Every structure is written in C-alpha cells, then in structure tokens.
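Please read the structure below before turning to the comments.
No value in this document is a laboratory result; all are computed from the given coordinates. Here the structure is a predicted model, which means the values were calculated and not measured. Glycine also receives a Cβ, built like all others from the backbone with ideal geometry; neighbour counts cover every protein chain displayed.
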Protein chains: 2
Amino acid sequence: MTTPGRGLHGHVLDTLGPAITAGEYPPGSVLRTDELAQHFEVSRSVMREAVRVLESMHLVESRRRVGVTVRPKAEWNVYDPQVIRWRLAGADRPHQLRSLTVLRSAVEPVAAGLAARHATAEQCAELTQCALGMVANSRGHKLEEYLVHDIAFHRVILNASGNEMFARLGDVVAEVLAGRTHHEVMFEDPDPAAVTLHVQVAEAVREGDATRAEELTREITVGALQELDILAP
Amino acid sequence: MTTPGRGLHGHVLDTLGPAITAGEYPPGSVLRTDELAQHFEVSRSVMREAVRVLESMHLVESRRRVGVTVRPKAEWNVYDPQVIRWRLAGADRPHQLRSLTVLRSAVEPVAAGLAARHATAEQCAELTQCALGMVANSRGHKLEEYLVHDIAFHRVILNASGNEMFARLGDVVAEVLAGRTHHEVMFEDPDPAAVTLHVQVAEAVREGDATRAEELTREITVGALQELDILAP
DNA sequence: TGTGACATATAAGTCTGACTTTTTCCGTCG
DNA sequence: CGACGGAAAAAGTCAGACTTATATGTCACA
C-alpha cells in the first residue's frame, strides 16, 4: 500500500475519503473548507490541499461562493487505487469486489494471451515458480502461502502482457485475491481444478500458445465469477 | 472534458502535468517547490496544491529535505483521465493510443455481453438509434457526424453493462475514437463491415443474445487493433 | 405581476511571512 | 573505520489579511 498519513493532509484524507466513498455524504452535499479545517483541527492550507486531492479524484467539486460539493458516484475516478482501497475498506466492499472481479474476467484472459507472445524467458521462469508454489501450498490449509504465489502469478501475467494499462491492474488483482482469502468464505483448501489451470497457463505461456493461455485464463476467471455468484443463466 | 485552468493551480498543472508525462523530467528528477513557485509566478500555497495533486496521481513524490521527485512511469496512475489526456496530447500519444486500444479489445466485448443481459428497453432503443445514425453517416465524408454516433454507441454499451468500472471507460473510448478520426489516417469513409457489425451488435443486445453480442464486438475491436497494426502473427 | 439591473453577502482563492520538523549530509572524535 | 552529533536544507504547518467570483435577494420599472 501507499504510505498512509504522510503529513496532516494525509490524515484528513484517510478520514474524509472513506466517508465520502462510503456514501456518508450523499451526492450534492456541500462541505465548507473552513468548517472541515476546524473539525479536523488543521489549518486551512492543509485542508485546501486535501480538498484539491479529493477534487482530482473527482469525488468533490469546489466552487466559489458555494463550497465543496460531493459529486455523484458515476463521476468518481473509480480506477484510482486510493479510491479502490477506500471502497474496499468500507460498506461498499462487496459491490466493489464484484465490479473488480468482472473487470478481471475481461482483462486477464487477454493479458495472458499477450503474455504468451511477449513474455521474456525470465518471466516464464518466474511464472512457473509461482505455479509450483501454488501447487506446493494447495493442501494443508496453507492459505497464506498459497495466496502469495497466486498474487505473484497474476502480477507476472499482467506485467508480461507488455501493456502498461494491464500492468497497473496488478495491485487491484492482488487486492481482490487477498480479499477473497481474508474476508470471504475460504475455509477449505483452494479448488484443485483452479490450481491445475494455473499450471497449464504457465505451460501455455512458456510455449507461446496465446490462444490456449487466453482460454485457460478465461476458465480461471469464470471460476472467480462463480464464487461470487455472478453467473450466466 | 474537465474545465481547464480552474484557478491558478489548474494552470500550473496544465503545464507541469504534460511536461512530466511527456518524460521531460526523467524519473528521479528532483524539483523544488519554491523554485517551481517562482518559475510559474505563483505563491507557495498554490504550488503546494498543484504538487499534492501530482502526488495523488503518483507522478511525483514529495519528501522532506529532498524535494519533489518524479516517479518512474510504471508507478503512474495511468487510468487517471487527466493523465490520459496529458499523454494523448503529448509525444507519448501513439503509444498511449495503442495501450488504450488493447484495453478496449479486452473490455468492450465483455461489456457488450453484459449489456445484452442487463440493458433496459430505453438503452436498447438508444443503441439502435446510434447504429442507425452511424449507417446514415457512413458515406459521403460525414466523418464528424459518424464519430458522434460511434462514440455514443460505445458509451451506451459500456453504461448498459451495469458495471461501474466499464462505464467509466466511456470517456477513454471516446478519446480513442475521436483521436482516430482527427489525428490518424481517416480520409475515407468508415469500413462498411464495421458499420454492419455495429448494427448487428445492437440487434444482439436487443435480443439478449450475450454470446453473439460479445463475439461481434470482439470483431469490432479486432478491426481497431488491425488499424494500428497490432496483429496476431 | 413579471423582469431586469444592481447591490450585498459569502465562501473559495491567493499571498505573505514566520515558524517547525524531518532528514540528509558531513565533519569530528573515539 | 565506524559511531555520534551538529548544521543545513527543504518540505510542512500555521495565522491573518486581502481578493475575487458568484449566488441570491432587492428594488425599480415595464
């Protein structure tokens, strides 16, 4: 994660950001800089910097003679890692998790296909290592160790795709995977079929078989969708 | 687009942002707030607000006794609409356009599939209107009119998917489509095959045929990839 | 009664200067 | 050569005065 609370304005954001993204201030709510500054016991300069950041995330809009207005959810920069983290930490978590999982299901298969074409030898090796690590920890309630390798696996795929937009989703995917293990129902060992699929994806990428890598990854993401009951009737 | 230059700090950002994203300051470069303030002829308060915004975009990092350090490209918030606009406006444009087109090729087919399931009657009607508008302007060098309907079409698809992450890519897609018409080679009328595909997608969504909507949209995006010579050898 | 111009209050925006705090760098001493 | 400690540099913070845009209410006039 990003270093939290680096400076006073960071502390303010850590409180205001979650509050806004949690919908505590409905769209159209008006905040006054001076009041906020008093409430958080910081100077107006600090408060203004915090507002500027919220503004750059399109969470609020600051207008003269009006104040700081909360924007409707549809305008938020929902790809901002900070915003994602705030929402995952709040009441919106389930909804956010579903959105992100759907996004994964779109992006990761394509990324895997690209990885099969562009991955370096080193990345292939890394990928194989990750898959092996997943296999090694797939039994015996070693969920944490499994998670580490799972996250690393998907990160390598996204990086190896050679597309910067995909690569930057590594953190998001990590967040989703971690969330699944930590917050959702995850008592048992991971699904053996999923483990096998990861091994096969690593194989396909190593062999440069883009179509197969894409198809196998699609199966993985379909599994993730099903876990959240996002099915196709 | 967002209102540009709303306030002094906005003007500073309009200059600094493009400069940084264009790579004018290599990663690791150190800027000093005071010097920047002098250079832009603004007060330190204003300069600090600008730096805070750049920091929230992960373009720079501000540390005591060091200064404001430019972060490596790999850490930028490349999904920030502002960052995307800055990069599209600069030397990085071709590269950024390719990245975004690949992203489209991953997202839009899945979005179309979801739209086929979730689209309201109103959205279906809107979609049909857009497709008709595209057909009507597909001949006779009416590129601008065609573009308007093309953008609207893809925006409706993304919105109708019911996924907020997809919906927020509407602006990005609009930017890419507009860029193709305005900056890239686009002398002739649009490809008739592409126009037909859009009409068929509208059909499939109307009929709730998710698989077909996804497959047809995939064909559209493949076309977009081919235009930029991003092929699969 | 409606409509336009104008005055006013309000909250953000800006600037300045003084002060604090953290952190790096460097020189000295063991 | 390493540890300790001081000094300097840059960001961070604060307080107060001033400016500017603008929403809103008022009043005259049609």
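Things worth noting here:
- Filtered residue count, segment A:18-69, keeping only those that are assigned to a loop (DSSP other than H, G, I, E, B) and either more than 14 Å from DNA strand C (Cβ to nearest atom) or within 27 Å of the chain's Cα centre (by Cα) (or both): 11
- Among residues that are surrounded by 24 or more Cβ atoms within 10 Å (Cβ to Cβ) and closer than 16 Å to B:Ala19 by Cα, B:Leu59 is included.
- A residue that is touching a Pro at 6+ places or on another chain (Cβ under 7 Å), part of a helix (DSSP H, G or I), more than 10 Å from every other protein chain (Cβ to nearest Cβ) and among the aliphatic types (A, V, I, L, M) can be found somewhere in segment A:81-96.
- Residue within segment A:198-208 that is surrounded by 23 or more Cβ atoms within 10 Å (Cβ to Cβ), of a type in the set (A, V, I, L, M, F, W, C), within 14 Å of chain B (Cβ to nearest Cβ) and closer than 25 Å to B:Leu100 by Cβ present: no
- Any hit, segment B:55-68, residues being over 25 Å from B:Arg155 (Cβ atoms) and of a type in the set (S, T, N, Q): yes
- Residue within segment A:153-164 that is within 14 Å of another protein chain (Cβ to nearest Cβ), in contact (Cβ under 8 Å) with a residue 24 or more places away in the chain, of a type in the set (Lys, Arg) and surrounded by 16 or more Cβ atoms within 10 Å (Cβ to Cβ) present: no
- Odd one out for A:Arg117, checked against (1) in contact with a His (Cβ under 9 Å, 6 or more places away or on another chain); (2) of a type in the set (Lys, Arg); (3) away from DNA strand C (no atom under 16 Å from the Cβ); (4) within 12 Å of another protein chain (Cβ to nearest Cβ): (1)
- If you go through segment B:34-59 and keep only what is away from chain A (no Cβ under 13 Å), within 12 Å of DNA strand D (Cβ to nearest atom) and either under 30 Å from B:Val107 (Cβ atoms) or acidic (Asp, Glu) (or both), you end up with B:Asp34, B:Glu35.
- Unique residue being out of contact with any strand residue (DSSP E or B) (no Cβ under 8 Å at 6 or more places or on another chain), surrounded by 20 or more Cβ atoms within 10 Å (Cβ to Cβ) and part of a helix (DSSP H, G or I) when the list is A:Val148, A:Val135, A:Val172: A:Val172
- Output for segment B:76-103, where each listed residue is of a type in the set (Lys, Arg) and under 20 Å from B:His11 (Cβ atoms): B:Arg85, B:Arg87
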